[in-house]
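Please read the structure below before turning to the comments.
The values are calculated or read from the model by the stated rules, or taken from the named source; none is laboratory data. Keep in mind it's a predicted model, so treat the numbers as computed, not measured. With ideal geometry, Cβ positions are generated from the backbone for all residues, glycine too; neighbour counts draw on all protein chains shown. For accessibility, only protein heavy atoms count, side chains too; no ligands or nucleic acids. Shrake-Rupley method; radii C 1.70, N 1.55, O 1.52, S 1.80 Å.
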Amino acid sequence: MPIRATKRGEDRTPLEGMRDVLICGASFAGLAVARELTGSGADVLVVDRYEIGERQTSACGIPTEWLRTMGLIEAERQRFDSLLMHTPHGDSRFRLPWTFSTFDYRELCELLWRQCDATFETAKVNGRAAPANGGGAVAVDTDRGTISAPLVVDALGWRRLLASGDGYQPPDAPLSRGLEVHPGGSGEDLEVWIDRRYVPAGYGWSFPAADELRIGVGSFDPRFHVRATTELLAEDLGSDRVRYQGNWIPHELRRATEGGVFFAGDSAGHCLPLSAEGIRTALYFGIALGRELRAVVDGRQSREQAAARYAAFNDSHEWKFRWMLRVQRLVPKIPPRLLGPMVRLLGAKRFVDWSFRRYLQIAPPSFALASAHDQDGAREQQDDADHALRAERDLV
Ligand SMILES: Cc1cc2nc3c(=O)[nH]c(=O)nc-3n(C[C@H](O)[C@H](O)[C@H](O)COP(=O)(O)OP(=O)(O)OC[C@H]3O[C@@H](n4cnc5c(N)ncnc54)[C@H](O)[C@@H]3O)c2cc1C
């Protein structure tokens, strides 16, 4: 039985009043925002329904360089320099131009938290509360009382609980669904299956993480139930069907600010379509948002300026997400007998180098290195990279 660390009973004292910054959600996006506010002197409160790192939310795969640049490499469990693609008509090994790592969720969250000086409390967020008086503060209703702050971040995942009007529900919403099991075991390869036996539109995966495998199936079509085929894949691999973990995965970018609230990570649709990679983007947009909020706290800009700048930053990525979504929609249309030869063709070294370098550039690890006060420098670098990407896209 998993040990539940979350505060219960009389430990759940009321949590009310005004803070400088309230961050709802203590996973990748929320912790990345809090990290950028370290040393600002602001009264920053982070809340989550679970203790930090208590509930793993993914297979925990990320480009290794993101772990390095964020000072999180200790959480790494296994590193891969290739991706083994399986199709019913043949396999292909893609030699990656950069390495990919799996990590331990709890350890990574703890390492991130050590880089923060905010306060943390477990509390379940219910939604927005009636607007509080004074200074344009946003009020948030939690099971431990109403908490208000002029700067409020929703890093709560796809439900986007603090939005006031554009909520959506599966299966009609642009959401994929993913489920995985975490049996004990080991493996050498990062493996992906594009096989309609497991999912008509989507893919299956096995991500080894030292002494554990993370075996799952993701469907781009929210109506396709992935439980039976996740179990089938685990069975095909001779692995136990234990420790299930699953969720909806957004595959469309959403508005980054709304009604005075800032959104980052899955709540803003920051998970990349096609690959369903949402950790580095949650960190990336979380950092960008944290830097904008830091400038407010330091008195260098107003909340409205921060909202405008963060929204513009978010929107400048829209075309990249749209392109990934196009490919996501294209893959299920490819006739199965062509998949094997196509995957082999795409596995050519030059193409893999080119495409994976561009793919990393969507949320590059170097972004984490720019200083909190050099948001403009980081943006300029990103603009230059975008310019090159657009030029290449126009050539294709
Ligand atoms: C099966 C599966 C495997 C995946 N594997 C990968 C992978 O290997 N690599 C990758 O890059 N991406 C992966 N993803 C996508 C990735 O998990 C998400 O994109 C990423 O977790 C988004 O981070 P986040 O911080 O926005 O949200 P989350 O990680 O979902 O965190 C949201 C936080 O909010 C808290 N919360 C939610 N509701 C409330 C509430 N009402 N009150 C208080 N707290 C609340 C939660 O407890 C949680 O801590 C996977 C997704 C799934 C479903």
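Can you find even one residue in the stretch 225-243 that is under 17 Å from the mean Cα position of the chain (by Cα) and either surrounded by 15 or more Cβ atoms within 10 Å (Cβ to Cβ) or not in a loop (DSSP other than H, G, I, E, B) (or both)?
Our first condition is that a residue be under 17 Å from the mean Cα position of the chain (by Cα); within the stretch 225-243, this holds for none.
Checked the stretch 225-243: no residue is under 17 Å from the mean Cα position of the chain (by Cα) and either surrounded by 15 or more Cβ atoms within 10 Å (Cβ to Cβ) or not in a loop (DSSP other than H, G, I, E, B) (or both).
Can you confirm whether the stretch 202-216 contains a residue that is hydrophobic (A, V, I, L, M, F, W, C), over 17 Å from the mean Cα position of the chain (by Cα), away from the ligand (no atom under 12 Å from the Cβ) and open to solvent by 30 Å² or more (accessible area, probe 1.4 Å)?
yes
Name the residues in the stretch 164-204 that are part of a strand (DSSP E or B) and out of contact with any Leu (no Cβ under 6 Å at 6 or more places or on another chain), would you?
Hits for the stretch 164-204 are LEU175, SER176, ARG177, GLY178, LEU179, GLU180, VAL181, GLY184, VAL192, TRP193, GLY202, TYR203.
Among the residues of the stretch 278-292, are any away from the ligand (no atom under 15 Å from the Cβ) and closer than 12 Å to GLU36 by Cβ?
Checking the stretch 278-292: at least one residue is away from the ligand (no atom under 15 Å from the Cβ) and closer than 12 Å to GLU36 by Cβ.
Can you tell me which residue is farthest from GLY90 (Cα to Cα) among those in the stretch 168-199 that are exposed (fewer than 13 other Cβ atoms within 10 Å of the Cβ) and at pLDDT below 95? Before you say what the answer is, go through the steps one by one.
Step one: filter the stretch 168-199 for residues exposed (fewer than 13 other Cβ atoms within 10 Å of the Cβ), giving 169, 171-172, 184, 186, 188.
Adding the requirement that they be at pLDDT below 95 leaves 169, 171-172.
Numbers: GLN169: 37, PRO171: 33, ASP172: 34 Å.
Checked the stretch 168-199; the qualifying residue farthest from GLY90 (Cα to Cα) is GLN169.
Take residues that are under 21 Å from SER219 (Cβ atoms) and tell me which of the helices (runs of 4 or more DSSP H) falling wholly in the stretch 253-346 contain 1 or more.
279-297, 318-330, 336-346
List pairs: first residue in the stretch 108-123 and touching a residue at least 12 places away in the same chain (Cβ under 8 Å), second residue among the small types (Gly, Ala, Ser) and away from the ligand (no atom under 11 Å from the Cβ) anywhere in the structure, Cβ distance under 6 angstrom, at least six positions apart or on different chains.
Listed by first residue and then by second, the contacts come to LEU108/ALA75; LEU111/ALA75; CYS116/ALA34; ALA118/ALA34.
Among (1) within 24 Å of THR38 (Cα to Cα); (2) part of a strand (DSSP E or B), which single condition is ASN126 missing?
Just one mismatch for ASN126, condition (1).
Sort out for me the strands (runs of 3 or more DSSP E) sitting completely within the stretch 1-84 that have 1 or more residues that are of a type in the set (A, V, I, L, M, F, W, C), modelled with pLDDT of 95 or more and more than 15 Å from the ligand (Cβ to nearest atom).
21-24, 44-48
Could you go through the stretch 133-152 and let me know if any residue there is surrounded by 17 or more Cβ atoms within 10 Å (Cβ to Cβ), within 16 Å of the ligand (Cβ to nearest atom), within 21 Å of the chain's Cα centre (by Cα) and not basic (Lys, Arg).
Yes - at least one qualifying residue is present in the stretch 133-152.
Tell me which of these LEU213 doesn't satisfy, since it passes every other one: (1) in contact (Cβ under 8 Å) with a residue 40 or more places away in the chain; (2) not in a helix (DSSP H, G or I).
So the condition that LEU213 fails would be (1).
Take the residues of the stretch 108-128 that are under 27 Å from ILE215 (Cα atoms) and open to solvent by less than 50 Å² (accessible area, probe 1.4 Å): which is farthest from the ligand (Cβ to nearest atom)?
LEU111
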